[in-house]
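Q: Quick one: structure below, then a few questions.
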Amino acid sequence: MTDTVTGVTPERKAARRQAVRGLALAAPAALWTFAFFLLPTLAIALWSFFRQQGRELVTVPGLDNYRRFFEQSAFVKGLWNSLEVTLLVTVFSVLLAYPLAWVIATRIAPRFQRLVLMLAVLPFWTSYVVRSYAWLLVLAPNGVINQTLLSLGFISEPLKLSFNQGATVLGFVHFFTMLCTLTIYSSLSRLDPKLHLAAADLGAGAFAIFWRVTLPLTMPGIASGAFLTFVVAVGDYVTPQILGGNNQLVLPQLILMQVIRRADIPMASALSMILMLLVVAAYLAAARWLTRGRA
Amino acid sequence: MSATGDLSLDSVSKVYGETVAVDGVSFSVPRGSYVVLLGPSGSGKTTVLSMLGGFAFPSAGTVRINGQDVTHLPPARRPTATVFQDYALFPHLTVAGNVGFGLSVRRLARAEIRSKVLAALDLVGLSGFGDRAIAATSGGQRQRIALARAMVVEPEVLLLDEPLGALDLNLRRQMQEELRRIQRVEERTFVHVTHDQEEAMAIADVIVIMNRGRIEDIGAPERVYAAPRTRFSATFMGESTLIEGRVTASTGARVQVESPLGLLELPGKAAAGAKVTVAVRPENVTLADVGADGAGGGVPLGEVSVEDCIFQGSFVRLAGRTAAGLGLKARIDPSRVPAAGERVALRADPARLILLED
Amino acid sequence: MSAFLRSRLLGFADRTGALALTAGMLVFIYLPVATLVLFSFHSGRVPVPPFEGPTFDWYLKVLASDRVSGATLNSLMVGFGSSFVSTALAVLAAWGLARHRMPGRRVIEVLLYMPLAVSYLVIGLGLLLLFSTLGFGKSLWLVGIGHVVLNLPLAFVIIYAQIDREQARLEQAARDLGAGEVQVFFRITLPLLRIAILAAFVLSFTFSWDEFIVAFLLSGFDPTLPVVIWGMLRTGLDPQTNAAGTLVFLVSIIAAVLVELFLLGRRRR
Amino acid sequence: MNGYCALLAVTTGLVPALLLAASPAAAEEISALVWCDHTDEAFLKPFTDATGITVNVKDYEGTGTALSLVDQSQPGDWDVFVVDTTDVKRVVARGLLAPLNPDDFPLSDVPEAVRLPDYHTVDGKMYAVPEKFGYNAIAFDKSKVTEAQARDITTLWNPAFKGQVAIYDYYLPIIGQVAVALGKKPQDLTEADLPAIKEKLLAMRENSALVGDIVTSQTALATGQVGILAGGGEYAVAGIAADKPNLDWVLPDVGGIRWQQAIGVFADSKKKADATKFVQYVLSPAGQAALATSSCYWGMPASSKATLTPEQKKALRWDEQPTFLAKSYPYPSPTEAFDQKMQDLWAEVLQN
């Protein structure tokens, strides 16, 4: 206890020991994330200001890539296509997932709920690459959908369902409906059933209960599902590449085109930066509910 | 001071940022005492217990156990063991696993652990429960398991953090007796935190009353109850009516106090002319016209108009108000219950009046 | 009487509606999977409707393929390795951050959460850029490193949420009973976290097992299974792809069902 | 604190140790950067069985992709390079290929029209040998389009066929084909021709249901999604002819585009002898046959000695080759700068 002489109380010494120990434990994960996530991301940010000239990397920083982005209509269109696809996917996934999650949470006997939920999201675990490809078989002119519609007499010619933006959206919606069902179900199942009774007791009708009690309370689930959907969908290459038929290319396709066809990493980096900006915008849009959900 | 007692605190303080949780607490108790730290929430009693257990370190002062300075020792290295509020039983271990935990981290031999665990379970009346999962035990059983788990490591001082708070009244009474019994058998120092003064009086050898981080009073339950040292402990240790007054005469061990209720004679020491407060406990106030000890035995408190009477089984709680507006409470015999609005005369047992200096 | 009938009818409509909706959604959800599985038994060389078959030839072919079995081994190694590292780092970090007062805790938390909000493609591209600048050739190692980056935040979130105050009290109790820090960690913290840890591990594994883009960008001659399947998709019209996809599905489903049955099902909510 | 250190050491040390233990001992192996037709086990295994050399293959589609892959690797990573014949000079200019000794290979088995010494030789040194060729012509579905329509290049941008067309996603043959349609030899293309070509490409794009890689185009044709595949050829239909007899291919009347692959050895290769052995295997009759009928796509073997069955020869139209060769042009061989221009144009076209 001679430390009191130097002004370091044992209390403070203990606090410092604790801080050092905590930091040491968090260090491996933090360093890993720093080295293999933050540094690469910063490298992307830096490279986006470089320029690929033939085989040469021009390391004089400049805005050339960003200028090119706005000058070449292919890139700007890619941005719009990405936004369009992702927003459609997010909206449809939530719209399809909510009723399903709601039915499972409110209309299925509690002991079967997890079973039905699991059944509903099991194909989530299909190989991601193969799942998109399987939709090609479903959407083909002689695939299930067209054959069913034909035999029912709704159409006389097979519809062209695949290799377009609609197919991309469908493939995405299929995947993300399952994801959103999970997040929405988890917030629905956490609702106190007494709230419904209380609202009904206060004279609210079924619709009013849903609109003024259930929906606001499940917004965190919707927001986290929608945000996840947005982040993953906006950055995905596989589904549009397989189902989109190179029509209406989205940003990830353009990014990979820069990487695998032209070795133009600076341009790919600039496009990646724009992709990240979209995610930041989506986060800000959903932050209200995301943070509330976490608290 | 520390030499005489087996547990002693010397000017212990704990400061969290701007807040002073414990402010210069000193006390010392001999080995084998059952100490109860009593106080309202936020009084610092739990912080004192944490500093005894090593979960918090004092900002100043010294804690000694058996003469050894343990102020800055971590929990694992102090001769203390704690029965936590809500028990903190390990849900992934069985009852025996929980009780034996402290022994097994000390790397005792398996057979030794087994026999000690069996003895501990026996002590708390849970023989044969060793293989149960924690989830399959009741609240009262958990309390006993927690106790056994703490006792089995043979701590110099056993710390109990509101151990009975989660139990219903009957079980609480039963456990109070159990705790007392076990403490006597084991002859260990128990430090027990509670905010329930009845519980404190039921089990304590020494009650330490805390308020706002300081000790208000310390002593045997009878003394603390009958002759509280401060206004706070007088009210906290049980219902009382406080009567402001001034000392008019002081003769040896008795004083005469002039109060809104007239002149009161009571035991105590105070200088003539000093402002004092007289505390009266309801059980020491009865109707003036009944009672075996006759009209002459008590100090008359004057007339009150009855506001309310509540039947409580063995007695009736009476609340009345004097003409001057002072509220008085009394416990009266259920044989005659006045009606609301009736005017009755009250008297008090003079030996039981409590003199508090301001 | 009519009110009774009305409520009966409403109840019926409600139940039928719920049933129809669930059934409809299940059809939508299972349509591509069922088609995939069906066409893995397709006997024709071209896996397009109408269905011919059934045959097990494609399965035999896939199982006999060195590329597929090599890639499966790679996927398993990367999956187990990266999940182990992710989970271990996440446990240490969660314990460190939840149990110790320290400056900069918020910064570290944000750092650890951050990769969740960045697309896999960008993460993969960044690693490609970093490693090729540093002169490291593409390899399975890089894929594993990348997968830890992807799964660490996930594992951290799961485990961090489980290290709650309740558990802190149990750890205090253990210390009070004389347990040292290491004993507390192995005898209290880890056992109490075992469900969260296993969930984090299995989830990390299934994500790694199915991850394509990072593996595609970073693997050299030792591709993981999704990369090989992608190659099969691009380089040969053949029901083998369906068979391989079905097998991958089977593995993932077994993992998912195990988690559900043994871990999540037991957790009290 | 010791416990913590132990814990950290375990977590950081255990995994690498496990993985190291699991990785197989390095046998003799070479790495080849190839088109997907070189990835079949049926093609690679005989070589490994005979020589003990394992061939690691990485497939790409398009020279640009191959060069990106090379740029993203370290010198010495690669040993064998399969590249479009028209790009050999560009690759040699980058210093990627090692000179070969013509005597090591049975070049006499390669017909004159395929040998194309000009393309394989720089400053008198031979850098690659021809191995396989075919056509980026018009593949079509006989049940949807007549042969006459398929042979007419204007069908591709005829609005009557809107939605019926698929385009193979490789800019070189498609731009080359449009150039031919405009009366220009692909080799003679300059930047000045690009606006006219762009106009036709956009018209084609307007008609097209999709632009796809080999298998996507194949799938689209095989599932009846489209009737015509621009840039298609035997590579798209020969392999599935047995299952889909309604599919066929023709060279357009204006003339078509011929693809040809060459194979060489990387200048930075540390295993040049093994790499050369592999090139020799590819040129051998058995290697040529396996390569010609690969599961990814079929194509004519460069060597006339390839051991193909009569049915296979029929599917490949072995006997018609002289006519086809006469009616077809090799890919454009652009400079790096012109190549970038064409890629930009292609990205524009895709996005419309």
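The values are calculated or read from the model by the stated rules, or taken from the named source; none is laboratory data. Just so you know, these numbers come straight off a predicted model, no measurement behind them. When we count neighbours, we look across all protein chains shown, and the Cβ atoms used for this are built from the backbone with ideal geometry, even at glycine.
Q: Given the conditions (1) within 10 Å of chain A (Cβ to nearest Cβ); (2) modelled with pLDDT under 90, which single one is not true for D:Leu221?
A: Checking D:Leu221 against (1) within 10 Å of chain A (Cβ to nearest Cβ); (2) modelled with pLDDT under 90, the one that fails is (1).
Q: While we're on this one: Taking A:Ala24, is it away from chain C (no Cβ under 12 Å), part of a helix (DSSP H, G or I), touching a helix residue (DSSP H, G or I) at 6+ places or on another chain (Cβ under 7 Å) and aliphatic (A, V, I, L, M)? So that I can check it myself, show each step before the final result.
A: Details: away from chain C (no Cβ under 12 Å): no; part of a helix (DSSP H, G or I): yes; touching a helix residue (DSSP H, G or I) at 6+ places or on another chain (Cβ under 7 Å): yes; aliphatic (A, V, I, L, M): yes.
Taking the combined requirement at face value, the residue does not satisfy it.
Q: Would you point out which residue out of A:Leu170, A:Leu152, A:Leu197, A:Leu191 is closer than 30 Å to A:Ser82 by Cβ and either among the small types (Gly, Ala, Ser) or out of contact with any Asp or Glu (no Cβ under 9 Å at 6 or more places or on another chain) (or both)?
A: Numbers: A:Leu152 fails: closer than 30 Å to A:Ser82 by Cβ; A:Leu197 fails: closer than 30 Å to A:Ser82 by Cβ; A:Leu191 fails: closer than 30 Å to A:Ser82 by Cβ.
Only one candidate passes the filter, namely A:Leu170.
Q: In addition: So, of the residues in the stretch C:206-215 that are among the hydrophobic types (A, V, I, L, M, F, W, C) and at pLDDT below 90, which turns out to be farthest from the chain's Cα centre (by Cα)? Steps first, please.
A: Residues of the stretch C:206-215 that are among the hydrophobic types (A, V, I, L, M, F, W, C), as a first pass: C:207, C:209, C:212-215.
Checking the rest, the ones that are also at pLDDT below 90 come to C:207, C:209.
Values: C:Phe207: 3, C:Trp209: 7 Å.
Among those that are among the hydrophobic types (A, V, I, L, M, F, W, C) and at pLDDT below 90, it is C:Trp209.
Q: Please identify the pairs in which a residue from the stretch C:131-143 that is in contact (Cβ under 8 Å) with a residue 60 or more places away in the chain and facing chain D (nearest Cβ under 10 Å) has its Cβ atom under 9 Å from the Cβ atom of a residue that is hydroxyl-bearing (Ser, Thr, Tyr) and in a helix (DSSP H, G or I), counting only partners at least 6 apart or on another chain.
A: Once the first residue is in contact (Cβ under 8 Å) with a residue 60 or more places away in the chain and facing chain D (nearest Cβ under 10 Å) and sits in the stretch C:131-143, its partners that are hydroxyl-bearing (Ser, Thr, Tyr) and in a helix (DSSP H, G or I) give C:Lys138/C:Ser132.
Q: Given the residues A:Ser82, A:Ser93, A:Ser48, which is the only one that is in contact with a Gly (Cβ under 8 Å, 6 or more places away or on another chain), hydroxyl-bearing (Ser, Thr, Tyr) and surrounded by 21 or more Cβ atoms within 10 Å (Cβ to Cβ)?
A: Details: A:Ser82 fails: in contact with a Gly (Cβ under 8 Å, 6 or more places away or on another chain); A:Ser48 fails: in contact with a Gly (Cβ under 8 Å, 6 or more places away or on another chain).
Result: A:Ser93 is the single residue among A:Ser82, A:Ser93, A:Ser48 that is in contact with a Gly (Cβ under 8 Å, 6 or more places away or on another chain), hydroxyl-bearing (Ser, Thr, Tyr) and surrounded by 21 or more Cβ atoms within 10 Å (Cβ to Cβ).
Q: Can you pull out every residue in the stretch C:25-51 that is assigned to a loop (DSSP other than H, G, I, E, B) and either of a type in the set (S, T, N, Q) or more than 9 Å from every other protein chain (Cβ to nearest Cβ) (or both)?
A: Residues of the stretch C:25-51 assigned to a loop (DSSP other than H, G, I, E, B): C:41-51.
Those that are assigned to a loop (DSSP other than H, G, I, E, B) and either of a type in the set (S, T, N, Q) or more than 9 Å from every other protein chain (Cβ to nearest Cβ) (or both): C:Phe41, C:His42, C:Ser43, C:Phe51.
Q: Which condition does B:Arg78 not pass, out of (1) among the basic types (Lys, Arg); (2) more than 13 Å from chain C (Cβ to nearest Cβ); (3) surrounded by 20 or more Cβ atoms within 10 Å (Cβ to Cβ), if it passes all the others?
A: Among (1) among the basic types (Lys, Arg); (2) more than 13 Å from chain C (Cβ to nearest Cβ); (3) surrounded by 20 or more Cβ atoms within 10 Å (Cβ to Cβ), the lone unmet condition for B:Arg78 is (2).
Q: Okay, moving on. Can you tell me which condition D:Val122 does not meet? The list is (1) among the β-branched types (Val, Ile, Thr); (2) farther than 24 Å from D:Gly299 by Cα; (3) within 14 Å of chain A (Cβ to nearest Cβ), and all the others hold.
A: (3)
Q: Report, by residue number, each residue of the stretch D:182-199 that is under 24 Å from the mean Cα position of the chain (by Cα) and either within 24 Å of A:Asn142 (Cα to Cα) or surrounded by fewer than 20 Cβ atoms within 10 Å (Cβ to Cβ) (or both).
A: Just the residues of the stretch D:182-199 that are under 24 Å from the mean Cα position of the chain (by Cα), to begin with: D:184-190, D:194, D:197-198.
If the condition is that a residue be under 24 Å from the mean Cα position of the chain (by Cα) and either within 24 Å of A:Asn142 (Cα to Cα) or surrounded by fewer than 20 Cβ atoms within 10 Å (Cβ to Cβ) (or both), then D:Lys184, D:Lys185, D:Gln187, D:Asp188, D:Thr190, D:Leu194, D:Lys198 are the ones that fit.
Q: Next question, about the same structure. Applying the selection to the stretch C:210-249, what residues are of a type in the set (Lys, Arg) and either in contact with a His (Cβ under 9 Å, 6 or more places away or on another chain) or surrounded by 24 or more Cβ atoms within 10 Å (Cβ to Cβ) (or both)? Outline the logic, then answer.
A: Taking the stretch C:210-249 and keeping what is of a type in the set (Lys, Arg), we get C:234.
Matches in the stretch C:210-249: none.
Q: Kindly establish whether D:Gly231 is surrounded by fewer than 24 Cβ atoms within 10 Å (Cβ to Cβ) and either more than 14 Å from chain A (Cβ to nearest Cβ) or more than 15 Å from D:Glu147 (Cα to Cα) (or both). Reasoning before the result, please.
A: Numbers: surrounded by fewer than 24 Cβ atoms within 10 Å (Cβ to Cβ): no; either more than 14 Å from chain A (Cβ to nearest Cβ) or more than 15 Å from D:Glu147 (Cα to Cα) (or both): yes.
Against the criterion (surrounded by fewer than 24 Cβ atoms within 10 Å (Cβ to Cβ) and either more than 14 Å from chain A (Cβ to nearest Cβ) or more than 15 Å from D:Glu147 (Cα to Cα) (or both)), D:Gly231 does not qualify.
Q: Which one is surrounded by the most Cβ atoms within 10 Å (Cβ to Cβ), of the residues in the stretch C:257-268 that are at pLDDT below 75 and part of a helix (DSSP H, G or I)? Steps first, answer last, please.
A: Filtering the stretch C:257-268 down to residues at pLDDT below 75 leaves C:259-268.
Narrowing further to those that are part of a helix (DSSP H, G or I): C:259-264.
On the way: C:Val259: 20, C:Glu260: 17, C:Leu261: 12, C:Phe262: 12, C:Leu263: 17, C:Leu264: 16.
Going through the qualifying residues, I end up with C:Val259.
Q: Does B:Leu160 qualify as being part of a loop (DSSP other than H, G, I, E, B), buried (at least 19 other Cβ atoms within 10 Å of the Cβ) and hydrophobic (A, V, I, L, M, F, W, C)?
A: Details: part of a loop (DSSP other than H, G, I, E, B): no; buried (at least 19 other Cβ atoms within 10 Å of the Cβ): yes; hydrophobic (A, V, I, L, M, F, W, C): yes.
No; evaluated as a whole, the condition is false for this residue.
Q: Also: Which of the residues belonging to the stretch D:51-65 are at pLDDT below 90 and in a helix (DSSP H, G or I)?
A: Listed by number, the residues that qualify are D:Thr63, D:Gly64, D:Thr65.
Q: Just need a number here: residues in the stretch D:134-177 that are closer than 16 Å to D:Trp259 by Cβ and in a helix (DSSP H, G or I). Before the answer, list the steps.
A: The initial filter retains those residues of the stretch D:134-177 that are closer than 16 Å to D:Trp259 by Cβ, namely D:134-139, D:167-177.
After this cut, where a residue has to be in a helix (DSSP H, G or I) as well, the list is D:171-177.
Here the count works out to 7.
Q: Same structure again: Out of the stretch D:291-348, which residues are within 14 Å of another protein chain (Cβ to nearest Cβ), farther than 24 Å from A:Ala263 by Cβ and not in a helix (DSSP H, G or I)?
A: If the condition is that a residue be within 14 Å of another protein chain (Cβ to nearest Cβ), farther than 24 Å from A:Ala263 by Cβ and not in a helix (DSSP H, G or I), then D:Thr293, D:Ser294, D:Ser295, D:Tyr297, D:Trp298, D:Gly299 are the ones that fit.
Q: Of these, D:Val70, D:Val80, D:Val114, D:Val55, which one is at the interface with another protein chain (Cβ under 10 Å from one of its Cβ atoms) and touching a residue at least 60 places away in the same chain (Cβ under 8 Å)?
A: Working: D:Val70 fails: touching a residue at least 60 places away in the same chain (Cβ under 8 Å); D:Val80 fails: at the interface with another protein chain (Cβ under 10 Å from one of its Cβ atoms); D:Val114 fails: at the interface with another protein chain (Cβ under 10 Å from one of its Cβ atoms).
That would be D:Val55, the only listed residue that is at the interface with another protein chain (Cβ under 10 Å from one of its Cβ atoms) and touching a residue at least 60 places away in the same chain (Cβ under 8 Å).
Q: Ok, one more. I'm trying to understand the selection: among the residues of the stretch C:158-208, which are free of Cβ contacts under 8 Å to residues at least 24 places away in the same chain and among the aliphatic types (A, V, I, L, M)?
A: Passing the criteria: C:Leu170, C:Ala173, C:Ala174, C:Leu177, C:Ala179, C:Val182, C:Val184, C:Ile188.
Q: Condition first: within 15 Å of D:Tyr281 (Cβ to Cβ) and among the acidic types (Asp, Glu). Now tell me which residues in the stretch D:26-59 satisfy that.
A: Scanning the stretch D:26-59 gives D:Glu28, D:Glu29, D:Asp37, D:Asp40, D:Glu41, D:Asp49.
Q: Follow-up question, since we're still on this one. Which is within 12 Å of another protein chain (Cβ to nearest Cβ), part of a helix (DSSP H, G or I), free of Cβ contacts under 8 Å to residues at least 12 places away in the same chain and out of contact with any Lys or Arg (no Cβ under 9 Å at 6 or more places or on another chain), of A:Leu117, A:Leu79, A:Leu122, A:Leu100? First the steps, then the outcome.
A: On the way: A:Leu117 fails: free of Cβ contacts under 8 Å to residues at least 12 places away in the same chain; A:Leu79 fails: free of Cβ contacts under 8 Å to residues at least 12 places away in the same chain; A:Leu100 fails: free of Cβ contacts under 8 Å to residues at least 12 places away in the same chain.
None of the others qualify; the one that does is A:Leu122.
Q: Kindly check whether there is at least one residue in the stretch A:177-190 that is away from chain C (no Cβ under 11 Å), on the phi < 0 side of the Ramachandran plot, in contact with a Pro (Cβ under 7 Å, 6 or more places away or on another chain) and of a type in the set (Gly, Ala, Ser). Even if it seems obvious, please write down each step before you answer.
A: Start the filter on the stretch A:177-190 by keeping residues that are away from chain C (no Cβ under 11 Å), which leaves A:179-180, A:182-185, A:187-188.
Still in the list and also on the phi < 0 side of the Ramachandran plot: A:179-180, A:182-185, A:187-188.
Subset that is in contact with a Pro (Cβ under 7 Å, 6 or more places away or on another chain): A:187.
Filter again for of a type in the set (Gly, Ala, Ser), leaving A:187.
Scanning the stretch A:177-190, I find at least one residue that is away from chain C (no Cβ under 11 Å), on the phi < 0 side of the Ramachandran plot, in contact with a Pro (Cβ under 7 Å, 6 or more places away or on another chain) and of a type in the set (Gly, Ala, Ser), so the answer is yes.
Q: If I ask for residues that are crowded, with 21+ Cβ neighbours inside 10 Å and more than 7 Å from every other protein chain (Cβ to nearest Cβ), which ones from the stretch C:100-130 would you list?
A: Passing the criteria: only C:Gly124.
Q: For the list (1) at pLDDT 90 or above; (2) among the hydrophobic types (A, V, I, L, M, F, W, C); (3) in contact with a helix residue (DSSP H, G or I) (Cβ under 8 Å, 6 or more places away or on another chain), I need the number of the one condition that D:Ala148 fails.
A: It is condition (3) that D:Ala148 fails.
Q: Now for a separate question. For the condition surrounded by fewer than 19 Cβ atoms within 10 Å (Cβ to Cβ) and touching a residue at least 12 places away in the same chain (Cβ under 8 Å), what is the one hit in B:Gln68, B:Gln85? Steps first, please.
A: Working: B:Gln68 fails: touching a residue at least 12 places away in the same chain (Cβ under 8 Å).
Just a single option satisfies the conditions, and that option is B:Gln85.
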